[in-house]
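Reviewing the structure listed below.
Every number here is computed from the coordinates shown, using simple stated rules; none is lab data. Note that the structure is a prediction, hence the values are computed from the model and not measured. Cβ coordinates were reconstructed from backbone atoms using ideal geometry, including for glycine residues, and neighbour counts include every protein chain displayed.
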Amino acid sequence: MRNYDLFAILAGVRNGAGFASCDTGDAVEPIAENRGLPEDMSEALYALIHSEEEDAEGWIGNHSFSHITLRELLEHDWGAAKTNRGFVDLEDYKKCLAEGKKRPDSYCGDVWGKGVKKYTVAEMRRKPLTLAQLEKRKVSHLQL
């Protein structure tokens, strides 16, 4: 599983923007922007990275390489607040509320298609609606 929050913290990858630049939250200060590969990497690491065989033992992909130091990892404020945004199905949101959870188990960066009616954070700030009002308006997804 890919952890884009971690990628944003480590190197600014998808920092506040997901696939097709959809809004996934406030950007964070990355430990280091993408630096590429270290000049003094080992021959074994060089061979592994330049392998064309995706099923090769230890294959680690073919893009977005970077490096950071242990000191940088240790000095980072891992408790800093991060605001995520995404859309959640109205039924999942109601379930989340009923179970007393502060946030849903999952959400997505954006939704579209037939029958999708979104209620965004900006709309919530302008005119907050109750669950009953959302259902009456046939809202299918909320942005949290």
Query - About the Cα centre, charge dipole magnitude for the chain (Lys/Arg +1, Asp/Glu -1 at Cβ), debye - result: 1760
Query - Pairs from K82/K127; K114/K138; K94/K118; K95/K138; K95/K136 whose Cα-Cα separation, in the structure shown, is over 22 Å - result: K82/K127
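What is region 87-143's relative contact order, in percent, from Cα pairs under 8 angstrom and six or more apart in sequence?
The normalised contact order for region 87-143 reaches 51 percent.
About its Cα centre, how strong a charge dipole does region 87-143 have in debye, to the nearest 20, once Lys and Arg get +1 and Asp and Glu get -1 at the Cβ? Before the final figure, lay out the partial values.
On the way: 14 positive and 8 negative charges, 65 e Å.
Here region 87-143 has a charge dipole of around 320 debye.
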Query raised in the report: Once Rh for region 87-143 is found with the Kirkwood sum over Cα pairs, what is the Stokes-Einstein diffusion coefficient at 4 °C and 1.567 mPa s, in µm²/s?
Result: 110
Report task. Quick one: plug the Kirkwood hydrodynamic radius of the chain (C-alpha pairs) into Stokes-Einstein at 4 °C, 1.567 mPa s, and report D in µm²/s. Result -> 71
